[in-house]
1. Do we have D154 as closer than 17 Å to R221 by Cα, acidic (D, E) and free of Cβ contacts under 8 Å to residues at least 24 places away in the same chain here?
2. If I ask for residues that are closer than 19 Å to A366 by Cβ and aliphatic (A, V, I, L, M), which ones from segment 295-344 would you list?
3. Out of all the residues in segment 215-227, is one or more assigned to a helix (DSSP H, G or I), open to solvent by 40 Å² or more (accessible area, probe 1.4 Å) and either in contact with a strand residue (DSSP E or B) (Cβ under 7 Å, 6 or more places away or on another chain) or closer than 22 Å to V112 by Cα (or both)?
4. Could you check how many residues of segment 166-176 are touching a residue at least 12 places away in the same chain (Cβ under 8 Å) and surrounded by fewer than 17 Cβ atoms within 10 Å (Cβ to Cβ)?
5. Which ones in segment 79-127 are surrounded by 13 or more Cβ atoms within 10 Å (Cβ to Cβ) and not in a helix (DSSP H, G or I)?
6. How many residues does segment 177-197 hold that are surrounded by fewer than 16 Cβ atoms within 10 Å (Cβ to Cβ) and in contact with a strand residue (DSSP E or B) (Cβ under 6 Å, 6 or more places away or on another chain)?
7. Restricting to segment 344-374, name every residue that is open to solvent by less than 70 Å² (accessible area, probe 1.4 Å), under 25 Å from L260 (Cα atoms) and either touching a residue at least 12 places away in the same chain (Cβ under 8 Å) or polar (S, T, N, Q) (or both).
8. Residues in segment 197-222 that are modelled with pLDDT of 90 or more and at positive phi: how many?
Amino acid sequence: GAALLLRQTLAVSNVALVLLVAVLASAVSFGLWPSLLACIGLALAYNFFFLPPLYTFTITQPENIVTLLVFLLVAVIASNLTARVRTQAIVARERAATTEDLYRFARKLAGVISLDDLLWATAYQVAHMLKVHVVLLLPEGEKLEVRAGYPPEDTLDEGDMAAARWAYERGSAAGRGSDTLPGARRLFLPMRTGRGIVAIIGLDSGRPAERSEPLLTPERRRLLDSLSDQAALAIERLNLADEMDRSRVAAETEKLRSALLTSISHDLRTPLASILGSATSLKQYREQLTAADQGELLSTIQEEAERLNHFIANLLDMTRLESGAVAPRLESMDIGDVVGSVLRRAARLLSAHRVSLALADDLPPARLDPVLFE
């Protein structure tokens, strides 16, 4: 009798262990609440099939009540602990995936050289990771212009534009879910660096009926801040590169202008000196000079005056070109014709020189303004 009782006890214990394993499997696979439901169901099954009287939910022996309660307590504790471990594992996987996405995004931004590509990549990444609609606005003079969006967005309504301008001017959140203009469709946040605000990002869940609910949880807001900071630094890097290019071009332009002015000053002094010398000779030695000498001096004055007039006309043309007042009239011209015209105009300057010029026969026509090119 004792041996039979021992075998029955071991059998019931083995069954309880199997049922407990099933509870743990439910907690690992589905989480806490499904495992608690499984605990209740397995406890009832344990009572129905293994506790006398069998095939009823009635419990006649007090020790069986204790056994059932102990089984239910152990199952609940085990399922709770297992569900916590499962939740921690899921959170760890999500954080690892987020970290990997941030790393890939940082590498992508490091290789982008175009502002449009950078803005599109930022809009796509934020939309992909936060599951929201994204729009990016950049300052253009005194206005904010939509430069990128995912899904693509070209215009904003008046309420959204007012919230975006507020966020840019005040440097704080505006729009949906904020204290400023909460009726806007989107939430607008400034993207800033150490030098100031470089862009405005607008977020929308795509569900207008839920505007009163918070758009971002604290964890999602931290993720957005990470993405926004990386994108802002990349935008600042491109802006600094553009400023450096403009500064380099301005320095080269100033250098060229200085060299040009130095050259032109020499070219201007030469005809002025010739004109002044010829006029002075005519005035002081008019009686001693022959008619031929006087004619030569007058010819010199005329040639140098024409040369000086040509230089001044060129200076005026260059000034008008730089200011945009003159647009080149481009035509398909033969290089030989243009060069021949230049040589004919410079014939008097080259009268004391022998000029030879060889051009290839297969030179293609060039699109240029013949007058300015000469």
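The values are calculated or read from the model by the stated rules, or taken from the named source; none is laboratory data. Note that the structure is predicted; figures quoted are calculated from it, not measured. In this analysis, Cβ positions are derived from the backbone assuming ideal geometry, glycine residues included, and neighbour counts consider all displayed protein chains. Areas reflect the complete protein model, heavy atoms only, side chains present, ligands, DNA and RNA absent. Shrake-Rupley method; radii C 1.70, N 1.55, O 1.52, S 1.80 Å.
1. Considered against the rule, which asks whether it is closer than 17 Å to R221 by Cα, acidic (D, E) and free of Cβ contacts under 8 Å to residues at least 24 places away in the same chain, D154 comes out as no.
2. Across segment 295-344, the qualifying residues are L321, A327, L330, M333, I335, V338, V339, V342, L343.
3. Yes, because at least one residue in segment 215-227 is assigned to a helix (DSSP H, G or I), open to solvent by 40 Å² or more (accessible area, probe 1.4 Å) and either in contact with a strand residue (DSSP E or B) (Cβ under 7 Å, 6 or more places away or on another chain) or closer than 22 Å to V112 by Cα (or both).
4. Total meeting the criteria: 2.
5. Answer for segment 79-127, where residues must be surrounded by 13 or more Cβ atoms within 10 Å (Cβ to Cβ) and not in a helix (DSSP H, G or I): just V112.
6. Total meeting the criteria: 1.
7. Result: L368, D369, P370, L372.
8. Residues meeting the conditions: 0.
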